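The values are calculated or read from the model by the stated rules, or taken from the named source; none is laboratory data. Values in this document were obtained by computation on a predicted structure and should not be read as measured data. With ideal geometry, Cβ positions are generated from the backbone for all residues, glycine too; neighbour counts draw on all protein chains shown. In case anyone asks, the SASA skips ligands and DNA or RNA and just uses the protein heavy atoms, side chains included. Shrake-Rupley method; radii C 1.70, N 1.55, O 1.52, S 1.80 Å.
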Amino acid sequence: MNIVFMGPPGAGKGTQADRIVKRFGIPHISTGDAFRQAMQEGTPLGLKAKEYVSQGLLVPDEITNGIVRERLAQPDCAGGFLLDGFPRTLAQAETLDDILASLNRGIDHVVYLKVDRDLLFIRLTGRRICKSCGEIYHTKFRPPRTEGVCDKCGGELMQRADDSEEKVGTRLDEYFNKTEPVLKYYDAKGLLREVDGERDIDEVTAQIGAVLKG
Ligand code: AP5
Ligand code: MG
Ligand code: ZN
């Protein structure tokens, strides 16, 4: 199964992707996670990405496309993949078509998690991430058993640097200007599957499960 997850920042792409990749046994490819890892390691890619990510702006297509092209060619993607946070521009969507055509593959479903702007602010500013394993929490909607501590591994929880109110505003603007048009692109191809991302986490997972079966 070749799946693309789309939706604004804070829609729940990462939360749901973690569950769906376990179910299907496919790799989770998140360009945001790839950039954050490179930034943490201080690689040349990380330094370049930081200029944009830290401001809440999209990283230029040339950089982002190269990462995805390399990743999709890895053998573990042969049985399917879940792309989270890519494509985010029309140029990225066209590049993805080229990459997949060269691999003789195609997209099965584009799952769009729809969530209103006001709720996205609350989701993002309350998000906490485990420093060690990356598990995603929320102070109100998915609190850990002990404040500041990961249920899964005991690691320390932290806030993403781009989850400040100011950066969230920029990220949402980028999304509505550059990424929303990509939804139309996939709708025209008959691939778009809209899911109500405002329901609780388990209900959203159930909706996605139904879409992927159909
Ligand atoms: P990226 O890491 O992809 O961030 P994003 O798209 O802004 O999305 P988020 O990860 O913030 O949200 P999410 O949808 O995964 O929500 P989550 O599950 O965590 O990208 C970061 C940056 O990298 C970009 O700004 C850009 O600079 C760069 N970048 C990445 N890809 C790029 C590309 N293709 N091109 C160019 N640049 C790129 O959930 C959010 C919160 O809500 C959590 O606290 C969670 O617990 C909670 N929650 C989730 N679901 C529910 C629910 N149903 N009910 C209640 N709470 C919920
Ligand atoms: Mg995410
Ligand atoms: Zn953890």
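Just the number, please: carbon plus sulfur as a percent of the accessible area of the range 59-143, 1.4 Å probe, no ligands or DNA/RNA counted. Walk me through the numbers before you get to the answer.
On the way: 1940 of 3970 Å².
Summing carbon and sulfur atoms, their accessible area is 49 percent of the total for the range 59-143.
Please turn the phi angles of the range 59-66 into ³J(HN,Hα) values with the Karplus equation 6.51 cos²θ - 1.76 cosθ + 1.60 (θ = phi - 60°), one per residue in order, whole Hz, x for glycine and proline.
6, x, 3, 4, 6, 5, 4, x
If you average 1/r over all unlike Cα pairs in the chain and invert the result, what Kirkwood radius do you get in angstrom?
Working: mean 1/r = 0.0566 Å⁻¹.
Answer for the chain: a Kirkwood hydrodynamic radius of 17.7 Å.
Please give the per residue accessible area of the chain, computed with a probe of 1.4 Å over protein heavy atoms only, in Å². Display every interim value, and only then the final one.
Working: 10750 Å² over 214 residues.
Result: 50 Å² of accessible area for each residue.
In the range 48-81, which residues have a backbone nitrogen under 19 Å from the label point lying 7 Å from E94's Cα in the Cα-to-Cβ direction?
Residues passing the 19 Å test: 59-69.
Please identify every one of the chymotrypsin sites (Phe, Trp or Tyr not before Pro) in the range 107-214 that sits in a loop by DSSP and has no more than 16 other beta carbons within 10 Å of its own beta carbon. Display every interim value, and only then the final one.
Values: sites: Y112, F121, Y137, F141, Y175, F176, Y185, Y186; in loops: F141.
When the chymotrypsin sites (Phe, Trp or Tyr not before Pro) of the range 107-214 are filtered for loop state and at most 16 Cβ neighbours within 10 Å, F141 remain.
Students often get this wrong, so check it: of K48/K140; K114/K167; K178/K213; K22/K152, which have C-alpha atoms separated by over 27 Å? Don't jump to the answer; show the numbers that get you there.
On the way: K48/K140 34 Å; K114/K167 20 Å; K178/K213 30 Å; K22/K152 16 Å.
Pairs exceeding 27 Å: K48/K140; K178/K213.
Can you say what percent of the DSSP beta bridges in the chain, counting only those with both residues inside, are antiparallel? Round to 5.
Details: 7 of 23 bridges.
Counting only bridges with both partners in the chain, antiparallel ones make up about 30 percent.
Please list the non-local residues whose amide H lies under 5 Å from the amide H of H109, H modeled 1.01 Å from N, same-chain partners needing a gap of 5 or more.
Those lying under 5 Å, H to H, from H109 are N2, V4.
Among G106, V168, Y185, flag the residue with its Cα farthest along the positive direction of the charge dipole of the range 104-214, charges on Cβ as +1 for Lys/Arg and -1 for Asp/Glu.
G106
Under the Karplus relation 6.51 cos²θ - 1.76 cosθ + 1.60, θ = phi - 60°, what is the ordered set of whole-Hz ³J(HN,Hα) values for the range 120-135, x standing for Gly and Pro?
4, 4, 5, 4, 6, 6, x, 6, 10, 10, 6, 4, 8, 10, x, 4
Can you compute the radius of gyration and Dmax for the range 5-114, using only the Cα atoms, both in Å?
Using the Cα atoms of the range 5-114, the pair Rg, Dmax is 13.7, 37 Å.
What list of whole percents do you get for P(r) of the range 156-214, with Cα-Cα distances grouped in 5 Å bins up to the one holding the largest distance?
4, 14, 13, 15, 22, 19, 10, 3, 0
If one computes the Cα centroid of the range 111-139 and of the range 23-41, what distance in Å separates the two points?
The two parts, judged by their Cα centres, are 16 Å apart.
From largest accessible area down, sort R145, R123; use a 1.4 Å probe on the protein chains. All intermediate terms of the calculation are to be shown ahead of the outcome.
Numbers: R145 190, R123 45 Å².
Accessible-area ranking of R145, R123, largest first: R145, R123.
Which order, highest average first, do 51-64, 10-23 follow once you tally other Cβ atoms within 10 Å for each residue and take the mean per peptide? Write out the running numbers ahead of the final one.
Values: 51-64: 16.3, 10-23: 19.9.
So the peptides 51-64, 10-23, ranked by packing, come out 10-23, 51-64.
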